[in-house]
Amino acid sequence: MPMRRLRSLLATPGKLRFMCAQLPSPVLDSISIIDTPGILSGEKQRISRGYDFAAVLEWFAERVDRIILLFDAHKLDISDEFSEVIKALKNHEDKIRVVLNKADQIETQQLMRVYGALMWSLGKIINTPEVVRVYIGSFWSHPLLIPDNRKLFEAEEQDLFKDIQSLPRNAALRKLNDLIKRARLAKVHAYIISSLKKEMPNVFGKESKKKELVNNLGEIYAKIEREHQISAGDFPSLRKMQELLQTQDFSKFQALKPKLLDTVDDMLANDIARLMVMVRQEESLMPSQAVKGGAFDGTMNGPFGHGYGEGAGEGIDDIEWVVGKDKPTYDEIFYTLSPVNGKITGANAKKEMVKSKLPNTVLGKIWKLADVDKDGLLDDEEFALANHLIKVKLEGHELPTDLPPHLIPPSKRRLE
């Protein structure tokens, strides 16, 4: 098993030193994990870190594939520093995922309130049309303190793991998306610089005009947005741009070069489309890439896999057909539906199935799964199977895409 090194940089007065730890971790074959220093809150926020924490995180945000923000369910707090950090992640909202951890430490009703409060707080900071994805659970190996929401935690954990496991497979596509973002940003920068250049006087009053332009940069943004139909999200941070422009000599700025902009537009319209096709072709030819090892292997297979033995998976290890235990009840209904030669028509089956009040789209899927021999009719075993699948759906489980082998009626198994 490969040995992976985790390094931490320790700062002491007058010197820097590295510490290194080694551990066997196949997870790190596929992804690199960067754990940031903890967020300061309360009185600790007055302590200086000695560097621009938000700027460092912004630098990393531009280069990573996924950003995971962690919150504790029992002490939900978005400090001023945390708020600034989230704001520094502007233009990277598509990479952000949120984990509401230690959710087993509070009751269900309180958890609903905490979740609502978190979404409300995040909505004020992350200004995007899409709601940020929040995973709820208890992400460690200790027993759950309050196990009431165990199934929810398991489902959320699987969703988060699937999201992380997809990162290596989609890495090239994300890099291509980053290239598109950079190209658009370069265009916007060109428009901003040329606009500032155009407004500058040739001889007198340069400094006062520069100050005026920097203060009114927001109006320049709006003008460029209107004239060139550019999305507001493609513009750099107004505050940061104003800070950077304070030290620049506007007279040295270059005029706009339309030919270069045309080249960028051609690249975005044509070259990117060709690259996208090439990336997809290469991905289809490459072996499956996914994060493996550690917790990612713990719940993928075997009886502790998510949903194993539940819903449509009930009876997967039983010798007897799991539908058989309720079949006598379903048989009583079956024989009231006027079977002919041991089978009922779709019309008669529909009269009974619609009593479940499930949508027709769901009942149609159940019909396709239950009509094992595809003759458009249901015998007593297929009818029992249809009712079993209705029960599975009514209990809140998902229907399988294909009928699992353990649910195939005994008399039909020779057909498979």
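The figures follow:
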| read-out | value |
| --- | --- |
| Only one of Ala312, Ala295, Ala384 that is aliphatic (A, V, I, L, M) and more than 30 Å from Phe139 (Cβ to Cβ) | Ala384 |
| Among residues of the stretch 244-256, those that are without any contact (Cβ under 8 Å) to a residue 40 or more places away in the chain and closer than 16 Å to Ile224 by Cβ, counted | 0 |
| Every residue from the stretch 141-193 that is in the same structural domain as Phe235 (by the TED database) and among the acidic types (Asp, Glu) | Asp178 |
| Subset of the stretch 346-393 (residues that are farther than 19 Å from Lys412 by Cβ and open to solvent by 40 Å² or more (accessible area, probe 1.4 Å)) | Ala347, Lys350, Lys351, Val354, Lys355, Lys357, Pro359, Asn360, Thr361, Lys391, Lys393 |
| Candidate set from the stretch 22-40 (those that are open to solvent by 80 Å² or more (accessible area, probe 1.4 Å) and of a type in the set (Val, Ile, Thr)); member that is farthest from Ala172 (Cα to Cα) | Ile34 |
| Some residue of the stretch 126-138 being more than 30 Å from Gly396 (Cβ to Cβ) and in contact (Cβ under 8 Å) with a residue 40 or more places away in the chain | yes |
| First in the stretch 82-95 and in the same structural domain as Val132 (by the TED database) and β-branched (Val, Ile, Thr), second anywhere and assigned to a loop (DSSP other than H, G, I, E, B) and surrounded by fewer than 16 Cβ atoms within 10 Å (Cβ to Cβ), Cβ under 7 Å, 6 or more apart | none |
| Cβ-Cβ under 8 Å pairs, at least 6 apart or on other chains, the stretch 334-345 side assigned by the TED database to the domain that holds Asp373, far side of a type in the set (Ser, Thr, Tyr) and exposed (fewer than 15 other Cβ atoms within 10 Å of the Cβ) | Ile344/Ser338 |
| Hits in the stretch 80-104 - residues which are of a type in the set (Asp, Glu) and within 18 Å of Gly116 (Cα to Cα) | Asp104 |
| Count of residues meeting criterion [among the hydrophobic types (A, V, I, L, M, F, W, C), more than 24 Å from Asn341 (Cβ to Cβ) and open to solvent by 40 Å² or more (accessible area, probe 1.4 Å)] in the stretch 394-416 | 1 |
| Cross-chain or 6+ apart pairs with Cβ under 8 Å, the stretch 202-225 first and within 15 Å of Lys240 (Cα to Cα), then among the aromatic types (Phe, Trp, Tyr) and in a helix (DSSP H, G or I) | Leu213/Phe250 |
| The one condition in (1) touching a residue at least 60 places away in the same chain (Cβ under 8 Å); (2) in contact with a Leu (Cβ under 9 Å, 6 or more places away or on another chain) that Glu62 fails to fulfil | (2) |
| Matching entry among Ala232, Ala255, Ala222, Ala183 (being surrounded by 15 or more Cβ atoms within 10 Å (Cβ to Cβ) and of a type outside the set (Ser, Thr, Tyr)) | Ala183 |
| Out of Ser141, Ser166, Ser121, sole residue that is of a type in the set (S, T, N, Q), farther than 30 Å from Ile224 by Cβ and surrounded by fewer than 15 Cβ atoms within 10 Å (Cβ to Cβ) | Ser141 |
| Top-ranked residue of the stretch 315-332 - restricted to ones that are of a type outside the set (Ser, Thr, Tyr) and open to solvent by 50 Å² or more (accessible area, probe 1.4 Å), ranked as farthest from Pro404 (Cα to Cα) | Glu332 |
| Yes/no for Ala349 being hydrophobic (A, V, I, L, M, F, W, C) and closer than 30 Å to Leu152 by Cβ | no |
| Count of the stretch 1-41 residues which are at pLDDT 60 or above and either over 27 Å from the mean Cα position of the chain (by Cα) or closer than 27 Å to Glu81 by Cα (or both) | 17 |
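The values are calculated or read from the model by the stated rules, or taken from the named source; none is laboratory data. Being a predicted model, the structure only gives us computed values, none of them experimental. Note that we place each Cβ from the backbone using ideal geometry, even for glycine, and neighbour counts take in every protein chain shown. Surface accessibility is based on the protein's heavy atoms, side chains included, excluding ligands, DNA and RNA. Shrake-Rupley method; radii C 1.70, N 1.55, O 1.52, S 1.80 Å.
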